[in-house]
1. Please compute the modelled spin-label separation between residue A:817 and residue A:773, points set 7 Å along Cα→Cβ, answer in nm with one decimal.
2. Taking the stretch B:17-140, how much of its Cα-Cα pair set, in percent, is spaced more than 20 angstrom apart?
3. Going by Cα centres, the stretch A:648-682 and the stretch B:92-147 are how many Å apart?
4. Show the residues, 5+ positions off or on another chain, whose built amide H is closer than 5 Å to the amide H of residue A:530.
5. Assuming 0.36 nm per residue, please report the length gained on full extension of the stretch residue A:501 to residue A:791 beyond their Cα-Cα distance.
6. So what are the ³J(HN,Hα) numbers for the stretch B:129-142, from phi and the Karplus equation (6.51, -1.76, 1.60; θ = phi - 60°), rounded to whole Hz, Gly and Pro as x?
7. Over the Cα atoms of the stretch A:212-255, what is the Rg over Rh ratio if Rh follows Kirkwood?
8. Which pairs in the list B:66/B:86; A:908/A:941; B:54/B:143; A:99/A:931; A:593/A:772; A:885/A:956 are over 20 Å apart, alpha-carbon to alpha-carbon?
Amino acid sequence: MNGSKLWKQFMEADENGYPVVAGSPIKGVSRRAFLAALGYTAAGMTLISCRVPEQKIIPNLKQPPEQTPGVSNWYASTCGGCSAGCGTLVKVRDGRPIKLEGNPIHPVSQGGLCSVAHSLVFGLYDSERLRNPLINGEQAKWQDIDRQIIGKLGSSTQSGGRIRFLSNTIISPTSRRVIDKFLSKFEGGRHIVYEPISTSAIRIAHSRSHGRNVTPAFHFDKARLVVSFDADFLGTWISPVQFTRDYTKLRDLRNGQQEMSRHIQFESRMSLTGANADKRFKISSAEQAGALLLLLNILSKKGDQSEMANSTALQSPDLSPQMAKQIEECAGELLRRKGESLVVCGSNDPDTQQIINAVNQTLSNYGSTIDIDSPSRQDGANDKDFAELVGEMNNGEVDALFMLGVNPAYDYHQSQAFAEGLKKVPLKVSFSSQMDETASLADIICPDHHSLESWNDAEAQTGTFSFHQPTIAPLFGTRAYQESLMRWTGDDRSYYDLLRSDWESTLFEKQTKYKKFDDFWDRSLHDGVYVEERTGQVGSAEFKTEGLSAAADRIRSKVNGGFSLELYQKPSIRDGKFASSPWLQELPDPISKTSWDNYACVSPQTAAKLNLAEGQIVKLGKETKTLELPVMIQPGQSDNSVAVALGYGRTKAGKAGTGVGANAFPLVEFADGSFRYQTTNLSITSTPDKVEFAKTQITDSAYERPLIEMYTLADYISGIHDNEHKDPEKLFDEHDYPEHKWGMAVDLSSCTGCNACVLSCQAENNIPVVGKDEIRSQRDLHWLRIDRYYKEEAGGIRTDFQPIPCMQCDNASCESVCPVLATVHSSEGLNMQVYNRCVGTRYCANNCPYKVRRFNWFEYPHDDPVANLALNPDVTVRSRGVMEKCTFCVQRIEEKKILARNENRPIKDGEIQTACQQSCPADAIVFGDLKDLKSRVSENKKSGRNYALLQDLNLKPAVTYLAKVKNDGGEKHGES
Amino acid sequence: MSLRTLKIISILVTVIAAVVIWQGSTFRQYGDQSGYQPIQPINFSHKIHAGDNKINCLYCHSAADKSRVAGIPTAESCMNCHNQVKPDSPEILKVVKAIKDDKPIEWVKVNDVPDHVVFNHSRHVNAGINCNSCHGDVETMEKVSQFSTFSMGSCVSCHRSHREVILDSSGRPQISAEKTKKRLMASTDCAVCHH
C-alpha cells in the first residue's frame, strides 16, 4: 500500500498490505465485538428505563390542624418591601408562601399592592441569600457570634461605648424599643436612620414651620384639587399605594358620581404622576423655586393671610411670563378649593418645603387634607445624622457599628468616604441577608430573617398598627435581628414573646373593647391590623412665619446654570435595594417602557440641539464626577434638564442585579442638612458609542387610531360620551354560554399605569424572566402589559395607559388558525390555551391583533430547588415551543367554582378575582360574570364610557375599557 | 443482505404481527400505567384496613372532599389506632421510628397524572362519585396498584356522559341514571383540567 507518510503515521499495514488501526485500545476485544456490546448495552438500558418514574409523596409526620394539603391558607401580614407598610394577605400553600395580595381592610393600602411587594416572594426563595452567620467571611455558629460580639461590646464600654446603630426607617414600634434598649446599655449609643432617597426636608420644614419634626399624613382622598411640584406620589413618593388608592377614589366615576378631583402637576421630568395629571406643566427644577415663590405670593395676597404676605415680603424672582400666567391660574383654582386642596413637592430642600408648608397654610389645608397630629411614620431618615456619622467614623470615634437594611457603600454619594471610615471602626456588624456592597465590608454578618419569615409589627400611620407574621419557618440559618440584639443584652426570650408582652403592656392597656389579651391579640393578628381608638384631638400646631423670608431669600440666591439634573426613582427598582430581583429588573418602566437599564432622559428638543440619538452614550459631568449613560429621548422632559434613575449600577446584587445600568448616587449632593436629588450646572458630552435599549414597546404613538377614548369631565357630564357603539354585522354564530360568561372592564380613568398588575400576574402564573437580550428581540413573556401612548396636544404632551391582557374574544382570530386545536373557545367564554396540544406554529400569535400571545422560545431553567418553591402549583410550568397567554386566571375561576359547587351555592359576584384585579391599587380592573346582569362588571359595561379595543375588527372581546375622563377644570371642550 | 438474515427478519415480523392481531387490545397505550404496583416503604395492606376493618377512605385520605389532593395520612394518624392495635408489629415500628427520628415516611406515588393536568378530588367526591370508580376495589388489594388508565379518554368519557348530579332521599349527591339534556354538570372545557 502506497500511502503518504502522514497516513502511515496512524495506520499500519497487515500481512496483505491493507491498513489496520495501530493497536486496539482494549487488548483481546475486537472492534466488532466492542460495537456489538455497546449496541446491546444501549438497547438494554433503553428497555430498563421504560418504566414508571418513581414519584414520592411525603406526608407530614404531624398534621398542623389549620392545614389541608392542596388548599391554600391566607395570613394577614405587612409588606416588608419599603417602609410604607402596606397590608398584605399571604397565600400559603402546603407550608410555603407563594403569593402576596393586598389586605382590603388595611387602612393604609386598602387592598392594593405595588410591584415591589409581589417580588418579595422571589426574594424569599432567593438561593443567593446568606444561609449562615459569617465572621470575616467564614461560616460561623451563632454561639461564637454572640460570644465575640458580647466580648467586644464589653471592651468598648471602656472607651465610652460609642455604639452606633445604623438602620433604614423602622416603622415597627416594638423593634424600635428593642434597639433603644440595646443602645441604652451603652453610654454613647445612638440610633441613626438613613435612607438613600430621603424626604427629610419635609420634616425639617415642619419643625421650622410647625415646631414638629414629622412627615404629616397626606389625605389625597379629601383633596379635590391636588397640585404637585415634582412629587411622584403615584409612583414612588412616601406611600404610593396608599396615595394611589386615595387619589383614584375621588376620580372614580363608576359609582354614578358627577365630579372628580383635579390634579395639576408641575415637573421637570415625565413621572408616572405627571402622566396621570389633568394638567401637566414642564418646569425645570431650576425654575421651580421661582414658581413656588410666586404661588405663595399670590395666595397670601389674595387670601386672608395678607399680613403674612406683607410680613414675609416675598417677591417672586424672574419667571417666564407664560409660567407666571400658569401659576396665577393655578393659584386662582387653589383659592376656589380652599381647605380641600393639597399642594405637595418632591424636593428635598427644606427651604422649598417650607414654602410649600406656607402655601398649604394659606389654603387652610392643615387639619383637612394634611394631618400633622397623627403623622405618617413612613420615612424617618435624618440625613444630617448620617453625614455626621461618616465624619465620626473617619475620625475613629465609633467603637462599633451595627448596620440594618442599609447599603451606604453603594448608595451614599461619598461611598468611598463611608468605606474608608468603616475600616476604622473596630466592630462592624451587618444584619444583611445579602452579601451586598456594605455587608461585604463588615466583620460579622448576622443575617436577618426575610420579612415573610419574621414576627414584627408596623406603625405606618400613627395609631395604625399592623402585623408581620411568619408564613414559613426560616429556610436558612438566619436569626431575627431583634433576637440578636436581645441576646447581646442578655435577654433570652424569643422576639415573638417580647412582641406579645409589649403589645399587652402598651396597646392592650389603652383599649377598652377586649377584656382578655388573647382575644385582642388573636383578632388583631387575624385582621393583620389594629387601629388605635382615638382619644380626643391633639391641639393643632401653630404655624410660624419666622424664617420664611430667610428661606425665600436662600431659594432666590441660588445660581442656576447649565443643565439641571433630576435624580429619580423608578417604581420598581426604587433605591436599588431590590435590584437583585429579576422580576423587578425585567418589569418595564411605566413611562419609558424600558427594562434592565437606567439612562439619561433628555427632551426631544434638547436631543436635536445636541445632536443626540436614542441609545447614544453620553458623559454627564458635575464638577469632578462623571457618569456614562445612554440617552433616552423622553417626551415631556423639560428642555434644560436631564433625568437619571437611581438604584442601578449595583456591584454586588447577585446574578440579576450586578452591573445593570450605572450608579447615579455619586451625583447626589448634601447641603443644608439634607440630600439633594436635583442639582444644576451639569455638563453633557456625547460619545460615539451606542447601545440598544430593552424596550417592551417600540412605538410611542397610537397614530390617530381610536385606541384610547377620552372625554373631558364637562363633556362627560353633558352626556357626549353616551354615543351608542354600533355592532358590526354578524358574521359568525354567537356562542352559547349556558352557565357563565367571564368578562372584564378596565377603567382607564382609574388606571395609573403603575405596573403592579403585571408583576402580580407574573407571580401568579409562573411566568419566567427572559433577560435583556430577549426583551430586545420582543420576546418578553409578561402575559399582561400596559401600553403607553403619547399624544402631542396644545397644552403639552398627553400620556395614556392601557392594560392589555388577553381579550378573550368571542370571535377570536387565534382560534380559527390553530391547526391542532390547541386554542379553543370554552363554554364560559374563555380562549383556552392547551399547552399539551400546542406544537408551536405561532399562527395564533400572528393572527392576534392585540398581540397578547407569548411564545416560549427557550426552555427556561427550573433547576434551582429553592427558587422553584415560589412556583404556583395550580399553574402548569410551560416548556419550550409552547404558546401561552393570559387565561383570566382560570385556576382561580376553577378553584372558586369548585368551592361554590361543593357548598351547593352559586358563585358570588366578586368572589373570583384575577391576580391583576386583586392587587390594583387604583381598583381599575373589574372581573366577573357577564351572565349575571347585576354583577359589578355587567354594571360597568352598561356605562356609556364602555368601548372595545379595535372594535371594527368585530372580535367581540370580553375585555372592554371605560373611556378615560379628564377633569379640565370646568372649561368646555379643547384643553388649552 | 444474506438469505439467512432475511429469513430471521421475516420470521420475527410474522411472530410480532401474530401477537399484535391476537392480543392487540391488551397492548398498552403510550403513558398507560395501569397495574403499576410499586414497593412501598411500609407493607401497608388496604385489604385489612378498608376491607376487613371497613375503615372509611376519608378517615385516612381526609383531604379528598376538601382539596385537590386526597392526602396521605400523617404518621401520627396511623398511631391514633396503632397505639393500641398491634403496636409491636415490625411494620408499625417503622412508623414509630419515623416519628421518633422526625423523618417523614416517603411513600411511593401510585396514581399520578401528568404535570399539565389538574385533577380535583373534592369536586368528584362531593359530586357523589365513589372512590372505587377510579381507584378500583382498593379494599381487596393487599398491595395497591393503579386501576384506571387515567388517560384523557377515561376522564372525558365520564364528563361526556350527560348525567346530572342529583340529591338522593338522604340528601347525598348521586350521579343520575338517566341522561339529561340539561346543562352538563361535568364540563369538557379543556381549561377545566389543563391550566
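All of the numbers you see were taken from the coordinates with simple rules; none came from a lab. Quantities reported herein were computed from a predicted structural model and do not represent experimental measurements. Heads up, the Cβs are rebuilt from the backbone with ideal geometry, glycines too, and the neighbour counts pull from every protein chain shown.
1. 2.8 nm
2. 56 percent
3. Here the answer is 56 Å between Cα centres.
4. A:465, A:466
5. 98.6 nm
6. 7, 5, 4, 4, 4, 9, 9, x, 7, 4, 5, 9, 8, 5
7. 1.00
8. Over 20 Å Cα-Cα: B:66/B:86; A:99/A:931.
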